[in-house]
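Data first, discussion second: the structure below is written as structure tokens.
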């Protein structure tokens, strides 16, 4: 799935960086294994010779994995830092996870089972759970974070393209875990403002009617 946020670029880079290193190591190690099997193949009658330590070689095969591991950690840590520091002008939406659905609440009290956001606008998602562990995951935006009972968590994103994308729960949460899907609908700002105004008016009308009946 194509990336749809600025954060997605760093996630994709870290992923392909690790895959590239893993593939290169697979090729090099496999080649050396075959090479040494052929080069040092001996008949059973030939007595084996003890091989003593080689300090430069031991330093090299220790230093290279350490540097590669530190590089992987660096790119992962930088991505984590980006995800944990939302801009101050972010639009805030509260996402509540429960077995087995997501609910989204805007700052004026408007609630929806679909997350509507404007394109090119930072959006901070406050994550809460009312029952068990969940995990808020939007594959198209490359963002995922655990949603844990009695603990507040958050993430943020800024989508670069309009469209409708899946939101899943990535933490097994019960029998209907696989059905815990909703959508994030990314809209041009004018369309989002129009939807938000209409939905708010409908909410206020419903509240007024309910109050009148009581």
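So here's what we get for this one:
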{"item": "Check on residue 200, modelled with pLDDT under 90, assigned by TED's automatic domain parsing to the domain that holds residue 102 and either over 30 Å from residue 9 (Cα atoms) or more than 18 Å from the chain's Cα centre (by Cα) (or both)", "result": "no"}
{"item": "Residue within segment 133-142 that is surrounded by 10 or more Cβ atoms within 10 Å (Cβ to Cβ), out of contact with any strand residue (DSSP E or B) (no Cβ under 6 Å at 6 or more places or on another chain) and closer than 30 Å to residue 191 by Cα present", "result": "yes"}
{"item": "Matching residues in segment 143-164 - criterion: being over 18 Å from residue 10 (Cα atoms), assigned to a loop (DSSP other than H, G, I, E, B) and touching a strand residue (DSSP E or B) at 6+ places or on another chain (Cβ under 7 Å)", "result": "148, 149, 152, 162"}
{"item": "Any hit, segment 90-109, residues being within 22 Å of residue 19 (Cα to Cα), in contact with a helix residue (DSSP H, G or I) (Cβ under 7 Å, 6 or more places away or on another chain) and touching a residue at least 40 places away in the same chain (Cβ under 8 Å)", "result": "no"}
{"item": "Complete set of residues in segment 189-208 that are under 13 Å from residue 116 (Cβ atoms) and either surrounded by 14 or more Cβ atoms within 10 Å (Cβ to Cβ) or touching a strand residue (DSSP E or B) at 6+ places or on another chain (Cβ under 7 Å) (or both)", "result": "189, 191, 192, 195, 196, 199, 200"}
{"item": "Matching residues, segment 160-175, being closer than 17 Å to residue 118 by Cα, modelled with pLDDT of 90 or more and surrounded by 15 or more Cβ atoms within 10 Å (Cβ to Cβ)", "result": "162, 165, 167"}
{"item": "Some residue of segment 57-75 being surrounded by 11 or more Cβ atoms within 10 Å (Cβ to Cβ) and in contact with a strand residue (DSSP E or B) (Cβ under 6 Å, 6 or more places away or on another chain)", "result": "no"}
{"item": "Residue that is farthest from residue 87 (Cα to Cα) [pool: residues in segment 1-16 that are modelled with pLDDT under 80 and surrounded by fewer than 13 Cβ atoms within 10 Å (Cβ to Cβ)]", "result": "1"}
{"item": "Selection from segment 176-187 of residues that are part of a loop (DSSP other than H, G, I, E, B) and either at pLDDT 95 or above or in contact with a strand residue (DSSP E or B) (Cβ under 7 Å, 6 or more places away or on another chain) (or both)", "result": "180"}
{"item": "Residue in segment 82-90 that is modelled with pLDDT under 90, in a helix (DSSP H, G or I) and within 30 Å of residue 157 (Cβ to Cβ) present", "result": "yes"}
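The values are calculated or read from the model by the stated rules, or taken from the named source; none is laboratory data. Computed from a predicted structure; not experimentally measured. Neighbour counts are summed over all protein chains in view; Cβ atoms, including those assigned to glycine, are modelled from backbone coordinates with ideal geometry.
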